[in-house]
Amino acid sequence: MPGLGDDVLVADSTMAGYEGMNGVFLLPTGRAALVESGTGLSAERTRRALEAHGIGPYDLAWIVVTHVHLDHAGGAGELARRFPSATVVVHPRGARHLADPERLTASARAVHGDLMDTVYGPMAPVEPQRIRAVEDGEEIDLGDRRLCVVHTPGHAPHHLVVQDDSTGVLFAGDAAGVRVDGMTSARPACPPPHFDRDATVAGMRRMAELKPARLLLTHFGDPGDPAAFLDDAEQRLRRWCSVAERLAAGDEAELEAELLRRFAADESMPADDPERFAVMGGFASNAVGLRQWARSRTGSEEVGTDALR
Ligand SMILES: [Zn+2]
């Protein structure tokens, strides 16, 4: 398991068979914690990575999920089963989905289709008594350090980030966008059904105010200078949203094509592997989320699925 410095290691969930796409972070000292749980398909791989690092079944105290999308929380139930001492930490609006994932997975299937089987896998429930819903400002005690919880809705209403108070490292989930290996800039992460621009921008500014020593993105790793990254991410998000507002009356395919035409080049996506990027945070799902957001602002919102609420 590669170390990232600052007492953080990353277990790559190798989502969809690719490395460098979806991280599960381990804080191994004191009362050990995971930040993120990967997918239902990656839980056993994560267990083996922890075991190889000396973290046995009863050595994990916390599994923190930044939000309940399936690439972040899909593995929580399977990991909770493998680590019986661990408490699963989640935003209050995500807690019921961990205990009873049925609506969430049905909704995700509507969004992701066949990728549910090949990329995400099933989501096992977490026993309710092992779930801790945390409010903004709460702290998670790791013994030798604490993780400070900050609610950052926008990407989804159930999104939070956590900051290690001993190192200043901020685990950003999807709140600052996506920048996987091979991309030179952040891609906004605007999934349906509850993406909200203004809340996302507020979350980015809140993260900047925390003056993180480093950001760690779930997709994927350290993007460099946090202040510069967050500022750039906000500007890019605003540009994507203004395209969506201009094309709100059109269909999703038109918006997707325009996003690709205007923005694909400046991310420097490797042309040799477009599939890798289509699997997660692709232009198509962003177009759906952005269009729903733009139409909700003009009062022409279509009734979307709300199970990711
Ligand atoms: Zn997400």
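The values are calculated or read from the model by the stated rules, or taken from the named source; none is laboratory data. These figures come from a predicted structure and were not determined experimentally. As a convention, Cβ positions derive from the backbone with ideal geometry for all residues, glycine included, and neighbour counts pool all protein chains shown. The accessibility values were calculated without ligands, DNA or RNA, using every heavy atom of the protein model including side chains. Shrake-Rupley method; radii C 1.70, N 1.55, O 1.52, S 1.80 Å.
Here are some notes:
- For the residues Gln129, Gln292, Gln235, a GNM of the chain with alpha-carbon springs under 10 Å puts the largest fluctuation on Gln129.
- ³J(HN,Hα), Karplus 6.51/-1.76/1.60, whole Hz, each residue of region 143-150, x for Gly, Pro: x, 8, 6, 10, 9, 9, 8, 10
- The H on the amide N of His159, modeled in the peptide plane, is under 5 Å from the matching H of Thr152, Gly154, each at least 5 residues off or on a different chain.
- Here the Karplus relation 6.51 cos²θ - 1.76 cosθ + 1.60, evaluated at θ = phi - 60°, turns the backbone of region 7-20 into coupling constants of 6, 10, 10, 10, 9, 6, 7, 6, 4, 6, x, 9, 8, x Hz, with x for every Gly and Pro.
- Each label point was placed 7 Å from the Cα along the Cα-to-Cβ direction; for Arg81 and Thr167 their separation is 3.1 nm.
- Distance between region 1-65 and region 216-252 - C-alpha centres, whole angstrom: 27
- When you filter the GluC sites (Glu not before Pro) in region 11-67 for DSSP loop state and at most 15 other Cβ atoms inside 10 Å of their Cβ, you are left with Glu19.
- Taking every alpha-carbon pair under 8 Å whose residues sit at least 6 apart, the chain reaches a relative contact order of 16 percent.
- With respect to the chain, whose longest principal axis is taken over its alpha-carbon atoms, helix 283-297 is tilted by about 70°.
- Per-residue packing, averaged as other Cβ atoms within 10 Å, sorts the ranges 284-290, 80-86 into the order 284-290, 80-86, beginning with the highest.
- For region 75-140, the set of GluC sites (Glu not before Pro) satisfying both a DSSP loop assignment and a count of at most 12 other C-beta atoms within 10 Å is given as Glu135.
- Helix 43-52 axis, angle to the chain major axis (alpha carbon atoms, nearest 10°): 40
- Where both bridge residues fall in the chain, DSSP classifies roughly 60% of the beta bridges as antiparallel.
- Table column - 3J(HN,Hα) (Hz), region 128-142, Karplus curve with 6.51, -1.76, 1.60, x for Gly and Pro: x, 6, 9, 9, 10, 7, 10, 8, 4, x, 5, 10, 10, 8, 9
- For Arg132, residues with placed amide H under 5 Å, excluding near neighbours: Val88, Val89, Val90
- The chain: C-alpha pair distances exceeding 23 Å, %: 52
- Whole-number percent relative contact order across region 113-243, with pairs defined as alpha carbons under 8 Å at least 6 apart: 20
- Surface composition of the chain: carbon and sulfur make up 48 percent of the accessible area, probe 1.4 Å.
- Helix 252-263 and the longest principal axis of the C-alpha atoms of the chain enclose an angle of approximately 80°.
- Segment Ala106-Glu44, length gained on full extension (0.36 nm per residue, minus Cα span): 20.0 nm
- On a per residue basis, region 3-297 carries 38 Å² of accessible surface, using protein heavy atoms and a 1.4 Å probe.
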